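Everything below concerns the one structure shown next.
The values are calculated or read from the model by the stated rules, or taken from the named source; none is laboratory data. What you are looking at is a predicted structure, and each value in this text was computed from that prediction instead of being measured. Virtual Cβ from ideal backbone geometry, glycine too; neighbours counted across all protein chains shown. Ligands, DNA and RNA are stripped out before the accessible areas are found, and what is left, the full protein with its side chains, is counted by its heavy atoms. Shrake-Rupley method; radii C 1.70, N 1.55, O 1.52, S 1.80 Å.
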Amino acid sequence: MLFLPEQRKAHLLSRIAQYGKLTTKSQFGGVSLMIDDVIFAITSNNEFYLKGSGFLETLYKATKMSSYTYMKKGIPIILRYYHITDSLWTNQQKLDQYIDMSYHYSIQEYLGQRKKPCRIKDLPNLGVILEKRLNQIGINQVEELRLIGAKACYLKLMHSHNLKNSELLLSLAGAIIGCHRSVLPSQLKMELLDWYNELSFQ
């Protein structure tokens, strides 16, 4: 259960749905929000906090968002989660941007902290089926996928498995940089879609 007013909860769940299945667990005196076991936010006492991964911590501090603090055995613990104020809730475009960034950079941080190289299926947007198809065209490691790049991987899949759709191309690009395809940087997304459209007319 999310500790949020119903209207705010509905907006949040609608926004998060594009990333994947949301799971929650009791943690840090509240409820942590996770996609694919990656925590990117916390709710507590009817308030919402986004994780400050990477440069976001500097951004959130610069905008004077307060840190989340919980008491552990009587000792205050300050965490890298930052409070979404009432003014941010009323600015839904900015709020959605912050949610997207927190999810994106939490994924990047999670992948960077893993001790062992992850399998292709563990990357955002991918899974066991696509991992098998990539294996069949000679791409077996995450680093191979990154070196070859989204466009070349897409061409290989298109020729070997007759897979032709822009979502696959965006999924591969997102997997390579560590984010869900829905939050790809706009310039990169536009470039890929232009390339895809040119390819379709050839």
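Overview of values
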| item | result |
| --- | --- |
| Options Leu193, Leu134; residue that is crowded, with 16+ Cβ neighbours inside 10 Å, under 27 Å from Ala17 (Cα atoms) and at pLDDT 90 or above | Leu134 |
| The range 167-202, residues that are among the aliphatic types (A, V, I, L, M), closer than 24 Å to Asp122 by Cα and out of contact with any Cys (no Cβ under 8 Å at 6 or more places or on another chain) | Leu168, Leu169, Leu170, Ala173, Ala175, Ile176, Ile177, Val183, Leu184, Leu188, Leu192 |
| Output for the range 19-36, where each listed residue is in a loop (DSSP other than H, G, I, E, B) and surrounded by 13 or more Cβ atoms within 10 Å (Cβ to Cβ) | Tyr19, Gly20, Phe28, Gly29, Asp36 |
| Any hit, the range 25-36, residues being among the basic types (Lys, Arg), more than 12 Å from the chain's Cα centre (by Cα), modelled with pLDDT of 85 or more and closer than 21 Å to His11 by Cα | yes |
| Residue within the range 7-17 that is of a type in the set (Lys, Arg), part of a helix (DSSP H, G or I) and crowded, with 17+ Cβ neighbours inside 10 Å present | yes |
| Some residue of the range 58-74 being over 19 Å from Val183 (Cβ atoms), at pLDDT below 90, in contact with an Asp or Glu (Cβ under 7 Å, 6 or more places away or on another chain) and not in a helix (DSSP H, G or I) | no |
| Residue within the range 151-166 that is open to solvent by 40 Å² or more (accessible area, probe 1.4 Å) and among the small types (Gly, Ala, Ser) present | yes |
| Among residues of the range 37-76, those that are among the hydrophobic types (A, V, I, L, M, F, W, C) and exposed (fewer than 13 other Cβ atoms within 10 Å of the Cβ), counted | 4 |
| Those residues of the range 131-146 which are within 18 Å of Gly174 (Cα to Cα) and in contact (Cβ under 8 Å) with a residue 24 or more places away in the chain, in sequence order | Arg133, Gln141, Val142, Glu143, Leu145, Arg146 |
| Total residues in the range 77-94, condition free of Cβ contacts under 8 Å to residues at least 40 places away in the same chain, open to solvent by less than 60 Å² (accessible area, probe 1.4 Å) and assigned to a helix (DSSP H, G or I) | 1 |
| Filter result (of a type in the set (S, T, N, Q) and either within 22 Å of Leu111 (Cα to Cα) or assigned to a strand (DSSP E or B) (or both)) within the range 37-48 | Thr43, Ser44 |
| Pairs with Cβ under 8 Å, 6+ apart, first in the range 35-63 and touching a residue at least 12 places away in the same chain (Cβ under 8 Å) and at positive phi, second assigned to a loop (DSSP other than H, G, I, E, B) and surrounded by fewer than 17 Cβ atoms within 10 Å (Cβ to Cβ) | Asp36/Gly20; Asn45/Phe3; Asn46/Phe3; Asn46/Pro5 |
| Failed item, numbered, when Leu88 is tested on (1) within 30 Å of Cys118 (Cβ to Cβ); (2) touching a helix residue (DSSP H, G or I) at 6+ places or on another chain (Cβ under 9 Å) | (1) |
